[in-house]
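Here's the structure we're looking at; comments come further down.
The values are calculated or read from the model by the stated rules, or taken from the named source; none is laboratory data. In this text the structure is predicted, and so the values were computed from the model without any measurement. Surface accessibility is based on the protein's heavy atoms, side chains included, excluding ligands, DNA and RNA. Shrake-Rupley method; radii C 1.70, N 1.55, O 1.52, S 1.80 Å.
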Amino acid sequence: MFGFDCYCDDLKTNKTKEHFAQEVTQKIQKLELAIWKSSFTSPGKHEDLALGIDYETKRCNATSKRTVLEAGNNTMDIDCNHYFKETTEGQSAVAFINYRTLGNFLNGSFFHDRKRLQEVKINSHIVSGTFGSKKTVYLTTPVFLSFKHTQPAGARAKHFCVYWDGSKAGGSWSTEGCSYVESDDSYTKCQCFHLSSFAVLMAHTPQADLMLTIITHVGLSLSLLCLLLAALTFLLCRPIQNTSTSLHLQLSICLFLAHLLFLTGIDKTEIKVLCSIIAGALHYLYLASFTWMLLEGLHLFLTVRNLKVANYTSAARFKKRFMFPFGYGIPAIIVAVSASTGYKNYGTSSHCWLKFDKGFIWSFMGPVAVIILINLVFYIIILWILKSNLSSLNKEVSTIQNTRVMTFKAIAQLFILGCSWGLGYFTVEAMGKTAVLVFAYLFTTINVLQGVVLFVVHCLLNRQVRMQYKKWFNWIIRKDVETESTEMSRSTTHTKMSVTVLDGDANITILIDPPSSYHYLNGALHGPQINCFQFAYLEQLT
């Protein structure tokens, strides 16, 4: 046998990439089998300078629990008792091999899943773990691997645990069955559910656009404030309580929770389990937001269709029978099915969101696309109906004015109903860098302000809500003034006291003699009650 570096140099100059990978895969399998067989005669640590490898072999028995093998500053932690409980004693051996130079040839170019990644490089020696089988051995409990880095990692570097899959295009690096555990400056730890050849790949994630980051954080923070104010308004403002308000409230709550979790947890990738939970929660909350947007669109369509004759009975029935089961039940079903079939796809190395692998992202993008299309149809029909009503109405000012308000709100609903989220489907790499950047800015700027638009349209532009805001504001001011007036009156020591009472916008000062009469007014009476006392005491003083 001659060294892997000489063998690979000669092979690579005369073969295609696929053929080269296939030949190297066969070479690795033969070497693994030969080393594993030697473990029965000479177990322990060995080194072969000619091949450029070092390895360790161990025998396993029924009393073994965890067996740690070391080669080239890399380690493999394996549960011998579990893996060999059904084998004979003569077959219970394991080998761990470190290839010093093979990584120069089976490099990052053999890793094909490069979405949103830059400069994929191998950052460890390639190692192999084997039971003596030529095929990949799948396990029910993981084997833990620790890799020594071969080069320093930068601030934007992300590490991936991969194994050599010889069944695809002659051979390629794959993350299937292997997951990243943790890293420091010198080592990366992985866990895998099969034995094969392994390595650590390092990739530089694209640098985040600073302006997009600022727009996202500022816009979402402003939306959170507006969504909170809107939710409190829909809960506390009794004059506007109806089916429409309930829809606005649920949409506000879902968007508020989704945006809050996005801001605080989207980059919490250090703990894999926590990141998966955050990704699942975001999946549910944003799907729930879109189902409530769909209900908003349906209710608005029914309202506009019955513009001349309101059908309150059907609206109430619609609320009780469909709103909450549909709004929260449909997203729960989608997330439950997605999690049961692909729970490993929740959480990526850079964000706590859904992976793009094998089209799993469509468990979110698919339902969202359907809802956007339905709401667009509702939106077009609504505008058509309103246009027909405007042209056929008589000249009653109130009717025309109400219809125009409805038309304006229908235009604003284009954003509230989530139709602008459709811009996200144009931020794909195939459109070109410039087009992606333009649509990314449009998508981010418009959608982070969805909560602001909702608050403005349904609260600030609603006359009843503005009147209620004015009442609450006046009540707060009145309470402050009355409290201050009462405290000033209690602090006086004169025989005659002055008490300031309020009647609408007018302040009237009354002198009370003797002081005991003050207790009769104490309690800050106002409105119609206080007018009687004002005129009574003014009449006595004059």
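Taking θ as phi - 60° and the Karplus parameters 6.51, -1.76 and 1.60, the scalar couplings of segment 460-474 work out to 5, 8, 9, 4, 4, 5, 4, 5, 5, 4, 5, 5, 5, 5, 5 Hz in sequence order, x denoting glycine and proline. For Val218, the solvent-accessible surface computed with a 1.4 Å probe is close to 90 Å², ligands and nucleic acids excluded. Pairs exceeding a 18 Å alpha-carbon distance, out of Lys17/Lys189; Lys158/Lys268; Lys17/Lys158; Lys268/Lys355; Lys148/Lys272: Lys17/Lys189; Lys17/Lys158; Lys148/Lys272. Per residue, segment 194-275 exposes 45 Å² of solvent-accessible protein surface, assessed with a 1.4 angstrom probe and all protein chains in place.
Evaluating 6.51 cos²θ - 1.76 cosθ + 1.60 at θ = phi - 60° for every residue in segment 273-281, the Karplus couplings come out as 5, 4, 4, 5, 5, 4, 4, x, 5 Hz, glycine and proline recorded as x. For Thr130, the amide hydrogen comes within under 5 Å of the amide hydrogens of Ala95, counting only partners 5 or more places away or on other chains and with H modelled in the peptide plane.
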